[in-house]
Structures are given as C-alpha cells and as structure tokens.
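Enquirer: Can you read through this structure? Questions will come right after.
The values are calculated or read from the model by the stated rules, or taken from the named source; none is laboratory data. The structure displayed is predicted, hence computed values, not measured ones. Every residue, glycine among them, receives a Cβ derived from its backbone with ideal geometry; neighbour counts consider all protein chains shown. Keep in mind that these areas ignore ligands, DNA and RNA; they rest on the heavy atoms of the full protein, side chains included. Shrake-Rupley method; radii C 1.70, N 1.55, O 1.52, S 1.80 Å.
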Amino acid sequence: MLPGLVSLSPDDRRRLTKMGTKSEVFCRQALSVLEQSRQIVPPSLDLPGAQQDLRALDRLRPLLDRLQRLAERGEDTETALGTDLVAFALEGFSLLKVSGKNQGLDGLRKEVSARWAKGRREAAAPSA
C-alpha cells in the first residue's frame with residue numbers, strides 16, 4: 001500500500017535540503033514549466049522521475065494527515081485511560097486507608113502507599 005517508503009538516519013535528515021511551503025511552490029512551478037518545454041530538458045534530467053515523486057508526495061500527504069490524527073487520538077485515549085485509572089486507584093486507596101485497618105489490610109495499604117513515599121533526604125556533609 002505504501003511502496004517506496006524510506007528510512008533516513010538522523011545525519012541524513014540534518015544534511016538533506018528540506019522542502020518548505022515556498023520551495024514546494026517553486027518545485028511545482030518548475031516541473032510545470034519543464035513539462036511544457038520538454039525540448040529544453042536534457043535526457044540526464046529525469047523529469048518523469050520528478051513528476052512521479054510529486055505524485056507520490058501528493059498521495060502520501062493525506063495518509064500522513066490521517067495517521068497523525070489517529071496517533072493524536074491514540075495518545076488522547078491513553079491519557080484519558082490513565083487518568084481514569086489513577087482516579088480509581090486513589091479512591092480505592094482512600095477506602096483501603098479508612099476500612100483496611102479493621103480488615104487486616106494494613107500491610108497491603110503500606111505496600112500500595114510506597115508510590116507516594118518520599119525518599120529520605122541525605123544530611124548535608126559538614127563543611128571542612
């Protein structure tokens with residue numbers, strides 16, 4: 001479905017000249033003019049290849065937009081689920097603190113409360 005996808009190294013990503021909005025307009029115009037003036041295009045300049053790249057870019061962008069929206073919804077869902085779980089656990093922990101003493105659950109309460117325990121601060125070394 002997505003033939004021709006490439007994987008670039010971080011160094012390649014930094015070195016490559018990237019196409020921004022203004023340079024995209026330039027590229028599209030240049031391809032259009034060269035298409036209309038094929039007589040000046042030498043065989044060494046791969047106009048059909050460039051046109052194919054442009055068509056591939058135009059097909060890829062809507063897919064990337066959809067993937068980005070899907071990833072954002074996935075991240076939002078992950079956040080919402082985590083929020084729900086933390087709220088549930090805090091409410092359950094409160095019940096454990098109040099009712100757990102009478103039920104012999106003090107050990108479990110202490111184990112669960114380790115999440116909120118603050119680390120001991122080491123005493124500052126005396127100055128010499």
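Enquirer: Could you tell me how many of the residues in region 45-70 are within 16 Å of Lys18 (Cα to Cα), without any contact (Cβ under 8 Å) to a residue 12 or more places away in the chain and open to solvent by less than 50 Å² (accessible area, probe 1.4 Å)?
Expert: Within region 45-70, residues that are within 16 Å of Lys18 (Cα to Cα), without any contact (Cβ under 8 Å) to a residue 12 or more places away in the chain and open to solvent by less than 50 Å² (accessible area, probe 1.4 Å) number 1.
Enquirer: Right, another one. Is region 13-21 home to any residue that is among the hydrophobic types (A, V, I, L, M, F, W, C) and either in contact with a Lys or Arg (Cβ under 8 Å, 6 or more places away or on another chain) or surrounded by 11 or more Cβ atoms within 10 Å (Cβ to Cβ) (or both)? Spell out the reasoning first.
Expert: Kept after step one, since they are among the hydrophobic types (A, V, I, L, M, F, W, C), are these residues of region 13-21: 16, 19.
Filter once more, so that each one left must be either in contact with a Lys or Arg (Cβ under 8 Å, 6 or more places away or on another chain) or surrounded by 11 or more Cβ atoms within 10 Å (Cβ to Cβ) (or both): 19.
Looking for residues that are among the hydrophobic types (A, V, I, L, M, F, W, C) and either in contact with a Lys or Arg (Cβ under 8 Å, 6 or more places away or on another chain) or surrounded by 11 or more Cβ atoms within 10 Å (Cβ to Cβ) (or both), one finds at least one in region 13-21, hence yes.
Enquirer: Within the group Glu75, Glu24, which residue is at pLDDT 95 or above and surrounded by 11 or more Cβ atoms within 10 Å (Cβ to Cβ)?
Expert: Values: Glu75 fails: surrounded by 11 or more Cβ atoms within 10 Å (Cβ to Cβ).
Matching residue, one of Glu75, Glu24: Glu24.
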